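The values are calculated or read from the model by the stated rules, or taken from the named source; none is laboratory data. All values reported here derive from a predicted model rather than from experimental measurement. Counting neighbours? That spans all protein chains shown, and the Cβs are built from the backbone with ideal geometry, glycine included. With ligands, DNA and RNA removed, areas are computed over all heavy atoms of the protein, side chains included. Shrake-Rupley method; radii C 1.70, N 1.55, O 1.52, S 1.80 Å.
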Amino acid sequence: MFWLLAILAYLLGSLSFAILLSRMTGLADPRASGSGNPGATNMLRVAGKRLAILTLIGDLFKGLLPVLIAAHLDFTVRDQAWLGLAAVIGHLYPIYFRFRGGKGVATAAGMLLGLYPPAALLALGAWLLTFTLTRTSSLAALTAAPLTLPLLAWQQPAALLPMCVLSGLIVWRHRGNLRDLWAGRERHF
């Protein structure tokens, strides 16, 4: 049952709301403009607030749903975290869109919300504070993800390994942003 749910979580994660919403509204593929990322931040840049909010909600839901289903089926916290990670991997490398996906921040936030809401609130607070101070979405994401790890180690240690993998994947997907941050070229809002 775990592996079936992992495959379903990956397939759900592979649905790119940014791309689907762009197609439904006749806009260009978000991977072809702005930052080239099919996520809520780039949708805000290229398509406006309404589609960015819808993208954010869809991406959050992709991470949340597998965790809630696993919890309902009495899976362990560790298994819930791995299933949430499968959805995030689907977002990062979507089978439906030639494995060209987003950076996984909103989907990871949904996963974290299902696993342990206080950690999701900590991540949200760190993201908002960093973004408010720097006006840089990538730096906010790079700050928020790892900050949850000590809290999870203390309160939900069973979820720590999948969350460490998740944090590593988020940093990996932001490697171009890290180069731009170091060079002073990163985009600001």
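Go through the residues of region 63-79 one by one and say whether even a single one is touching a His at 6+ places or on another chain (Cβ under 8 Å) and acidic (Asp, Glu).
no
Using the structure shown, decide if residue 172 is open to solvent by 40 Å² or more (accessible area, probe 1.4 Å), of a type in the set (Phe, Trp, Tyr) and either at positive phi or modelled with pLDDT of 90 or more (or both). Working first, answer last.
Working: open to solvent by 40 Å² or more (accessible area, probe 1.4 Å): yes; of a type in the set (Phe, Trp, Tyr): yes; either at positive phi or modelled with pLDDT of 90 or more (or both): yes.
Against the criterion (open to solvent by 40 Å² or more (accessible area, probe 1.4 Å), of a type in the set (Phe, Trp, Tyr) and either at positive phi or modelled with pLDDT of 90 or more (or both)), residue 172 qualifies.
Could you list, in sequence order, the residues of region 9-33 that are in a loop (DSSP other than H, G, I, E, B) and either hydroxyl-bearing (Ser, Thr, Tyr) or open to solvent by less than 40 Å² (accessible area, probe 1.4 Å) (or both)? Even if it seems obvious, please write down each step before you answer.
Here is the first cut: in region 9-33, the ones in a loop (DSSP other than H, G, I, E, B) are 14-16, 25-29, 33.
Across region 9-33, the qualifying residues are 14, 16, 25, 33.
Name every residue in region 126-141 that is open to solvent by 40 Å² or more (accessible area, probe 1.4 Å) and part of a helix (DSSP H, G or I), in order of residue number.
First, pick out the residues of region 126-141 that are open to solvent by 40 Å² or more (accessible area, probe 1.4 Å): 127-129, 132-135, 139.
Listed by number, the residues that qualify are 127, 128, 129, 132, 133, 134, 139.
Which residue pairs have Cβ atoms closer than 7 Å, lie 6 or more positions apart in sequence or on different chains, and pair a first residue in region 1-20 that is closer than 15 Å to residue 51 by Cα with a second residue that is surrounded by fewer than 20 Cβ atoms within 10 Å (Cβ to Cβ) and among the acidic types (Asp, Glu)?
19/29
Just one of the numbered conditions (1) among the hydrophobic types (A, V, I, L, M, F, W, C); (2) open to solvent by less than 60 Å² (accessible area, probe 1.4 Å); (3) more than 27 Å from residue 187 (Cα to Cα) is not true of residue 40; which one?
(3)
Of the residues that sit in region 87-112 and are part of a helix (DSSP H, G or I) and among the hydroxyl-bearing types (Ser, Thr, Tyr), which one is modelled with the highest pLDDT?
The first filter runs over region 87-112 and keeps only residues part of a helix (DSSP H, G or I), leaving 87-92, 95-97, 105-112.
Next, from what is left, pick out any that are among the hydroxyl-bearing types (Ser, Thr, Tyr): 96, 107.
Numbers: 96: 92, 107: 96.
The residue in question is 107.
Which of the residues belonging to region 30-63 are farther than 15 Å from residue 87 by Cα and touching a Ser or Thr at 6+ places or on another chain (Cβ under 6 Å)?
Once the filter is applied, which keeps residues that are farther than 15 Å from residue 87 by Cα and touching a Ser or Thr at 6+ places or on another chain (Cβ under 6 Å), region 30-63 yields 30, 38, 40, 41, 42, 43, 46.
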